[in-house]
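Undergrad: Can you keep this structure in mind? I'll have questions shortly.
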């Protein structure tokens, strides 16, 4: 079994461990009323996007999510929440250094002794969700589970759905499909982006992602009998019929969106194995992106 598949399978247990962590470390996380910016890169960014929508929709306060490289310097926030599995991501560390002393910062990372501890005011270490694989799965979803628990979500049904997702069938005939589109609404847009990223990273698949209502505005043109359209959240009325008319396979969610993401992760690994790829070590990727000293200079 690959490292990434072992890490996918461990997610329900990791999410269960995130619940007590959300209580013990809750004082370090955003409180009601704070204006919060969340930064991350790649998978961490997509979890931040999901959290931002969940926090705002819960009435907890304004919450924005940005790629660390695009953090808007002129906006005013009360707290910066940085997510980085490795704790070494250059763009994240640079933003933390830049805002030091101007706003409170908390980092969520997988390591107990990574460089981010020296750059953030406070750190929540999710060590039990660290990973061997280059491809992120359980650290990112455990971070989102931690943040959902902190918002007051009951994770018991989610964890039960996650266990079902480990055994649930993958879309029938996926082996013969060559294009994958993932859709989301609200907080699940971030999950759709993450599902597509997993397909690109692990399986080198042609995968795209959009807010579900944007699918009709152009992306539907690529759907045909070789495609899969997978909705991570509730699909807009009429969309299933429109996808069926393209001959693409439409997959509707039956589980909590985070549990649906587990099925997408499994699909990515399955396709990687079928194609003779190593899902633990995708080409051109490293576990952490550490840039040279002039890489972030603005021209």
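The values are calculated or read from the model by the stated rules, or taken from the named source; none is laboratory data. Note that the coordinates shown come from a computational prediction; the quantities given were computed from them, not determined experimentally. Glycine gets a Cβ as well: all are built from the backbone with ideal geometry, and neighbour counts include every protein chain shown.
Undergrad: Any chance the stretch 210-218 includes a residue that's modelled with pLDDT of 95 or more, touching a helix residue (DSSP H, G or I) at 6+ places or on another chain (Cβ under 6 Å) and not in a strand (DSSP E or B)? If you could, list the steps in order and put the result at the bottom.
TA: Looking only at the stretch 210-218, we keep the residues that are modelled with pLDDT of 95 or more, and these are 210-218.
Now restrict to residues that are touching a helix residue (DSSP H, G or I) at 6+ places or on another chain (Cβ under 6 Å): 210-211.
Subsequent filtering for residues that are not in a strand (DSSP E or B) retains none.
No, the stretch 210-218 contains no residue that is modelled with pLDDT of 95 or more, touching a helix residue (DSSP H, G or I) at 6+ places or on another chain (Cβ under 6 Å) and not in a strand (DSSP E or B).
Undergrad: Tell me which residues, restricted to the stretch 10-37, are out of contact with any strand residue (DSSP E or B) (no Cβ under 9 Å at 6 or more places or on another chain), over 13 Å from residue 126 (Cβ atoms) and not in a helix (DSSP H, G or I).
TA: 32, 33 - these are the residues of the stretch 10-37 that are out of contact with any strand residue (DSSP E or B) (no Cβ under 9 Å at 6 or more places or on another chain), over 13 Å from residue 126 (Cβ atoms) and not in a helix (DSSP H, G or I).
Undergrad: All but one of (1) modelled with pLDDT of 95 or more; (2) outside the structural domain of residue 30 (by TED's automatic domain parsing); (3) crowded, with 22+ Cβ neighbours inside 10 Å; (4) touching a helix residue (DSSP H, G or I) at 6+ places or on another chain (Cβ under 7 Å) hold for residue 142, so report the exception by its number.
TA: Residue 142 satisfies every listed condition except (2).
Undergrad: Check off (1) surrounded by fewer than 17 Cβ atoms within 10 Å (Cβ to Cβ); (2) not in a helix (DSSP H, G or I) for residue 98 and give me the number that stays unchecked.
TA: Here residue 98 meets the rest and fails (2).
Undergrad: Can you name the condition, by its number, that residue 69 falls short on among (1) in contact with a helix residue (DSSP H, G or I) (Cβ under 7 Å, 6 or more places away or on another chain); (2) more than 26 Å from residue 13 (Cβ to Cβ); (3) in contact (Cβ under 8 Å) with a residue 60 or more places away in the chain; (4) buried (at least 18 other Cβ atoms within 10 Å of the Cβ)?
TA: (4)
Undergrad: If the requirement is being buried (at least 20 other Cβ atoms within 10 Å of the Cβ), at pLDDT 95 or above, touching a helix residue (DSSP H, G or I) at 6+ places or on another chain (Cβ under 6 Å) and over 30 Å from residue 272 (Cβ atoms), which of these qualifies: 37, 50, 107, 18?
TA: Every option except 107 fails the conditions.
Undergrad: I've got another one for you. Being within 20 Å of residue 4 (Cα to Cα) and surrounded by fewer than 22 Cβ atoms within 10 Å (Cβ to Cβ) is the requirement here; does residue 170 meet it?
TA: yes
Undergrad: With the requirement that a residue be touching a residue at least 40 places away in the same chain (Cβ under 8 Å) and part of a loop (DSSP other than H, G, I, E, B), what does the stretch 42-66 give you?
TA: Selection gives 42, 58, 60.
Undergrad: Within 17 Å of the chain's Cα centre (by Cα) and surrounded by fewer than 23 Cβ atoms within 10 Å (Cβ to Cβ): which single residue out of 204, 197 fits that description?
TA: Being within 17 Å of the chain's Cα centre (by Cα) and surrounded by fewer than 23 Cβ atoms within 10 Å (Cβ to Cβ) holds for just one of 204, 197, which is 197.
Undergrad: Looking only at the stretch 181-207, which residues are in a strand (DSSP E or B) and either touching a helix residue (DSSP H, G or I) at 6+ places or on another chain (Cβ under 6 Å) or within 25 Å of residue 55 (Cα to Cα) (or both)?
TA: Scanning the stretch 181-207 gives 182, 183, 184, 207.
Undergrad: Somewhere in the stretch 232-247, is a residue outside the structural domain of residue 44 (by TED's automatic domain parsing) and under 20 Å from residue 270 (Cβ atoms)?
TA: Step one: of the stretch 232-247, the residues outside the structural domain of residue 44 (by TED's automatic domain parsing) are 232-247.
Then drop every residue that is not under 20 Å from residue 270 (Cβ atoms), which leaves 232.
Yes, some residue in the stretch 232-247 is outside the structural domain of residue 44 (by TED's automatic domain parsing) and under 20 Å from residue 270 (Cβ atoms).
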